[in-house]
1. At a temperature of 25 °C and a viscosity of 0.890 mPa s, determine how fast region 54-107 diffuses translationally according to Stokes-Einstein, using the Kirkwood radius over alpha-carbon pairs as Rh; express D in µm²/s, rounded to the nearest whole number.
2. Based on the Cβ-Cβ distance from Trp68 to Ser122, what FRET efficiency comes out when R0 is 30 Å, to the nearest 0.05?
3. Tell me the label-point distance for the pair Thr50, Asp77, using the 7 Å Cα-to-Cβ offset, in nm and rounded to one decimal.
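Readers should treat all values here as calculations from the given coordinates under stated rules, not as data from a laboratory. Keep in mind it's a predicted model, so treat the numbers as computed, not measured. Neighbour counts are summed over all protein chains in view; Cβ atoms, including those assigned to glycine, are modelled from backbone coordinates with ideal geometry.
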Amino acid sequence: GPGPGPGPGPGPGPGPGPGPGPSPSPSSLLSPSASSIATLYNPSFQLLSTSGVCRTDDKNKGNFDELWGKSYPECHDMCLFSRGCTGFEYTVKGKASRCKLFKGPILSTLPVGGASCYKKASKTELGPHKKRL
């Protein structure tokens, strides 16, 4: 009988060459406010309220460390690297800034302008991002 048909045709031609220069990074990644980026893309903390203070059990009213004059990154890192810290609150009033490092479970927030409440994410929420301390 007749043999197999004709073989496959020629392969595809050369692909397009590299584009001109490095591709520009999208401007959406560059925001004028660095602090908003820190809060949006940080997997270690959960923002509970952008305009409220953290509330723990009311019986433990003094269950936190209060530090004045700290920057947001300082406050954030101090809680992140402190084993007993459950979350932090960062408040700015005029030129003064206050950082509260909480040691008890943060149960709720209370609406207060200028304050932000962040709860440390649990290890299960962190997933692959968790760091060994």
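1. The diffusion coefficient I find is 218 µm²/s.
2. Approximately 0.55, to the nearest 0.05.
3. 2.6 nm
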